[in-house]
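Notes to accompany the following structure.
The values are calculated or read from the model by the stated rules, or taken from the named source; none is laboratory data. None of the values given here were measured: they were computed from a predicted structure. Every residue, glycine as well, gets a Cβ built from its backbone with ideal geometry; the counts of neighbours run over all protein chains shown.
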Amino acid sequence: MIEEARRRAYLTAMQVVSWLPRSVLPFAAPSRAELLLPLLEPEPQVVAPPVVAAAPAVAREEAPASRPSIEIPRPAVPMPKPMIKAEPAPAEDDTPAPTRAAPVAPPRFALQLLRAGDCALLVELPTGESFQSRDPAYLLLKDLLRAAGLPDSPQQVGDGSPIRWPLLSRGNLDQGPDAARDYVQGVLAGQLESQPCACLWLVGLPAIRFAGEGDADSYNRELTIDGLGPAWALPGLELLMDEPARKRELWQAMRRVMQRWKPAV
């Protein structure tokens, strides 16, 4: 059973002003006498109305006296709360959400920076590793240098480590094409600042793309790179071996470009 304080709190919430229990409640406060007076007063005597005789005279039975009813207070029924009309949901926007550009996979390449006479050579490494003396690609490079009138034993620049991309195998570092281009051009600028060259050979598509900002259409053409000077774009050594017909156009272009590094006789 609940205590008197909690009971009164419930009755107040139900808006019950007065009430009488049917039996004695445990922990209840004494009843107030003024609430019991209507029950203790004697019932009033009801005088039956006189019987009116009619012809023929028939005696009417007396109606039983009606007993006054005692109304027991009922708890007030709480009024239902007004329903709050929900605001209509905003109409869906038919405008398609902007699509996010798919992340670009980092390019992968390995380049070797060499020096031959008055020319610097940025050469794509077909195997990803530094040239060996008997590599077919390296032997073809030596043939190109001899035809150009340059020393056919190019020297490695700096510590001889290839320029590789991507730099990291994982992580949040931006390693997209733009970052690769900035990196390659930064390395070249640092090396050529200490030892300038008459012409920079860009051998292979990765060297042309990330050092000279060109593409396959730039093969056998001269380029001018901001901060690096004049450059010459060549097909990759592996491509020249797979497609020997490209050598003819290469020899023709070489005769036009040789004036940059070969002194006039």
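Kindly indicate which of Gln175, Gln185 is farther than 24 Å from Arg146 by Cα and touching a helix residue (DSSP H, G or I) at 6+ places or on another chain (Cβ under 7 Å).
Values: Gln175 fails: touching a helix residue (DSSP H, G or I) at 6+ places or on another chain (Cβ under 7 Å).
Going through Gln175, Gln185 in turn, the sole match is Gln185.
Can you say whether Asp152 is surrounded by 11 or more Cβ atoms within 10 Å (Cβ to Cβ), without any contact (Cβ under 8 Å) to a residue 24 or more places away in the chain and either over 13 Å from Ala207 (Cβ atoms) or not assigned by TED's automatic domain parsing to the domain that holds Ala211 (or both), as far as the supplied structure shows? Working first, answer last.
Details: surrounded by 11 or more Cβ atoms within 10 Å (Cβ to Cβ): yes; without any contact (Cβ under 8 Å) to a residue 24 or more places away in the chain: no; either over 13 Å from Ala207 (Cβ atoms) or not assigned by TED's automatic domain parsing to the domain that holds Ala211 (or both): yes.
No, not satisfied.
Any residue in the range 114-143 that is assigned by TED's automatic domain parsing to the domain that holds Pro244 sitting within a Cβ distance under 7 Å of a residue that is assigned to a loop (DSSP other than H, G, I, E, B) and of a type in the set (Asp, Glu)? List the pairs, counting only those 6 or more apart or interchain.
Lys142/Asp152
How many residues does the range 163-213 hold that are in contact (Cβ under 8 Å) with a residue 12 or more places away in the chain and not aliphatic (A, V, I, L, M)?
Total meeting the criteria: 21.
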